[in-house]
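S.K.: The structure that follows is given in the form of structure tokens.
The values are calculated or read from the model by the stated rules, or taken from the named source; none is laboratory data. Quantities reported herein were computed from a predicted structural model and do not represent experimental measurements. For neighbour counting, all protein chains shown are included, and Cβ atoms are generated from backbone atoms with ideal geometry for every residue, glycine included. Each accessible area value is taken on the protein alone, full model and side chains, heavy atoms only, with ligands, DNA and RNA left out. Shrake-Rupley method; radii C 1.70, N 1.55, O 1.52, S 1.80 Å.
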Amino acid sequence: MAEPREAELCLLLAAAGEMYREAFGGAAPEIAVSAPGRVNLIGEHTDYNQGYVLPMALQLGTVLVGSPTQDGMISILTAAEEADEPKRVQFPAPTESSPLRAGEPRWANYMKGVIQHYRAGPLPGFNAVVASNVPLGGGLSSSASLEVATYTFLQQLCPDDGDLVAKALACQKAEHTFAGMPCGIMDQFISVMGKEGHALLIDCRSLETQLVPLTDPGLVVLITNSNVRHTLTGSEYPTRRRQCEEAARALGKASLREVCMADLEAAKALLNEEVYRRARHVIGEIERTAQAACVLQARDYSTFGRLMVESHNSLRDDYEVSCPELDELVAAAMEVSGVYGSRMTGGGFGGCTVTLLEAGATEKAVQHIKEKYSGRATFYFTKPSDGAKVQRL
Ligand code: GAF
């Protein structure tokens with residue numbers, strides 16, 4: 001059972017620093033930064049519909065250490081074990097006449113995109129090592145944490161105006177243009193703006209955020225990795241996004257945020273059955289998320305848990321982004337007394353579930369899920385943590 005704590009990030013930083021010294025001539029790196037992954041408590045596939053999301057930043061994250069150079073070249077080494085691609089990449093810092101483009105290796109595209117869309121400049125060259133303990137393809141935002149770590153590193157090399165919203169949006173743009181993934185804003189926002197001891201309610205229409213305390217010692221957030229890898233740049237995510245846009249258009253609205261359930265029911269005949277179900281998920285999920293933030297504030301965990309399960313069922317039946325393994329994990333968790341609620345988290349098609357439970361029920365829940373799950377599950381306990389930071393080595 002993995003139990004990530006701040007100490008693990010320190011170990012990751014130390015290992016990245018050591019790798020940097022070995023790879024780049026012996027000197028210690030001058031800059032070190034980190035950016036967290038996230039788990040979304042509720043509000044799935046609502047961000048690109050201008051709705052609400054309620055994620056929290058994890059103690060799992062991506063670190064980047066490095067130093068500026070004088071030769072205008074950017075050289076990055078990844079510590080990722082599983083990259084079946086070259087672990088080192090080198091390219092000139094972008095200029096107006098020679099912008100960066102996506103290419104090989106693929107892991108570097110997230111970083112290249114951020115470098116290209118960085119809001120201040122011109123950037124100098126630099127050498128850097130990147131390392132992460134966010135499981136790749138696990139639905140915990142390994143990509144956003146890489147983007148936000150990269151942006152935070154660049155802020156140390158060449159400061160921008162410090163605008164947090166603009167930072168998150170630049171990282172989102174990097175993912176759209178360099179990784180081909182038309183994501184919403186949730187993952188980059190929480191990686192930038194996470195706060196220790198809090199979940200963050202994000203209104204994806206106004207871009208306003210509200211901290212929701214999550215410090216009750218009697219409560220545990222358990223993340224269970226199905227170890228089914230998801231890939232979101234496939235056709236499913238963009239298709240869902242298009243279907244939502246189609247539904248909003250047919251109803252004469254700018255987004256599904258503007259549509260209530262009664263309006264959807266009244267206009268059902270305008271939509272094909274699948275598009276109707278997609279819209280029903282989104283509209284219901286936006287309502288559930290607003291309510292969930294209120295009940296969490298009031299420490300009404302039973303209602304929060306019920307909303308989590310409703311969210312999962314809707315993602316499974318109407319939005320069709322779950323998979324048998326995630327359904328199994330949720331069903332197993334819900335059999336344990338002391339569990340308030342459980343649901344798939346992130347884009348879906350694999351990855352993780354998130355479960356809210358009484359602290360005293362933790363051992364029992366892990367044991368039961370292990371016994372019931374047909375695959376091999378990995379467990380993480382994590383407290384809500386801060387967003388991206390400059391670190392000391
Ligand atoms: C992925 C996306 F990157 C997010 O923007 C969000 O849409 C999520 O899937 C689903 O809620 O993580």
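S.K.: Quick one: 3J(HN,Hα) in Hz for the range 48-53, Karplus 6.51/-1.76/1.60 with θ = phi - 60°, rounded, Gly and Pro as x.
M.R.: Values per residue, Gly and Pro as x: 7, 10, 6, x, 9, 9 Hz.
S.K.: Which value, in Å², gives the accessible area per residue of the chain when a 1.4 Å probe is used on the protein heavy atoms?
M.R.: Counting only protein heavy atoms, the per-residue value for the chain is 40 Å².
S.K.: Helix-only estimate, please: 222 nm mean residue ellipticity of the chain, summing -39500 (n - 2.57) across DSSP H runs of length 4 or more and dividing by its residues, to the nearest 500.
M.R.: After summing the helix terms and dividing by the residues of the chain, the value is -12500 deg cm²/dmol.
S.K.: Expressed as an acute angle from 0 to 90° and rounded to the nearest 10, what is the orientation of the C-alpha long axis of helix 142-157 relative to the principal long axis of the chain?
M.R.: It is inclined by approximately 40 degrees.
S.K.: Place the peptides 31-41, 289-299 in order of packing, highest mean first, counting for every residue the other Cβ atoms within 10 Å and averaging per peptide.
M.R.: Per-residue mean Cβ counts within 10 Å order the peptides as 31-41, 289-299.
S.K.: By how many degrees, between 0 and 90 and to the nearest 10, does the Cα long axis of helix 236-250 differ from the longest principal axis of the chain?
M.R.: 60
S.K.: Expressed as a whole percentage, what fraction of the accessible surface of the range 79-152 belongs to carbon and sulfur atoms when a 1.4 Å probe is rolled over the protein heavy atoms?
M.R.: 50
S.K.: Under unit Cβ charges (Lys, Arg +1; Asp, Glu -1), what dipole magnitude, rounded to 20 debye, does the range 159-282 have relative to its Cα centre?
M.R.: Computed charge dipole of the range 159-282: roughly 420 debye.
S.K.: Out of 211, 228, 191, whose Cα points farthest toward the positive end of the dipole of the range 185-231 (charges: +1 Lys, Arg; -1 Asp, Glu; placed on Cβ)?
M.R.: My answer, from the dipole projection, is 228.
S.K.: Work out, step by step, the length gained on full extension between residue 253 and residue 393: first 0.36 nm times the residue separation, then minus their alpha carbon distance; give nm to one decimal.
M.R.: 45.4 nm
S.K.: Here's something else I'd like to know. Restricting everything to alpha-carbon atoms, can you work out Rg to Rh for the chain with a Kirkwood hydrodynamic radius?
M.R.: Computed over Cα atoms, the ratio is 0.98.
S.K.: Still on this structure, I have one more. How big is the Kirkwood radius of the range 52-111, worked out from every pair of different alpha carbons and given in Å to one decimal?
M.R.: 14.2
S.K.: Based on Cα positions only, what radius of gyration and what Dmax would you give for the range 302-381, in angstroms?
M.R.: Expressed in Å, the Cα Rg and Dmax of the range 302-381 come to 11.7, 34.
S.K.: What does the charge dipole of the range 1-132 about its Cα centre add up to, to the nearest 20 debye, if the Cβ of each Lys and Arg holds +1 and the Cβ of each Asp and Glu holds -1?
M.R.: 320
S.K.: Taking all protein chains in place and a 1.4 Å probe, what share, in percent, of the accessible surface of the range 324-393 do carbon and sulfur account for?
M.R.: 50
S.K.: Using a cut-off of 28 Å between alpha-carbon atoms, which lysines can reach residue 364, once sequence neighbours fewer than 8 places away in the same chain are excluded?
M.R.: 372, 383
S.K.: Let me ask something else about it. Given the convex hull of the Cα atoms of the range 219-317, what is a quarter of its surface area in nm²?
M.R.: Result: a mean projected hull area of 7.8 nm².
S.K.: List the lysines whose Cα sits under 18 Å from the Cα of residue 389, skipping any in the same chain fewer than 8 residues away.
M.R.: Reachable lysines: 167, 195.
S.K.: Please list, or write none, the lysines whose alpha carbon is within less than 26 Å of the alpha carbon of residue 253, excluding same-chain residues fewer than 8 places away.
M.R.: 173, 268
S.K.: What's the angle, to the nearest 10 degrees (0 to 90), between helix 6-23's Cα axis and the longest principal axis of the chain?
M.R.: 30
S.K.: Using Stokes-Einstein with the Kirkwood hydrodynamic radius over Cα pairs, what translational diffusion coefficient do you get for the range 63-154 at 37 °C and a viscosity of 0.692 mPa s, in µm²/s rounded to a whole number?
M.R.: 244
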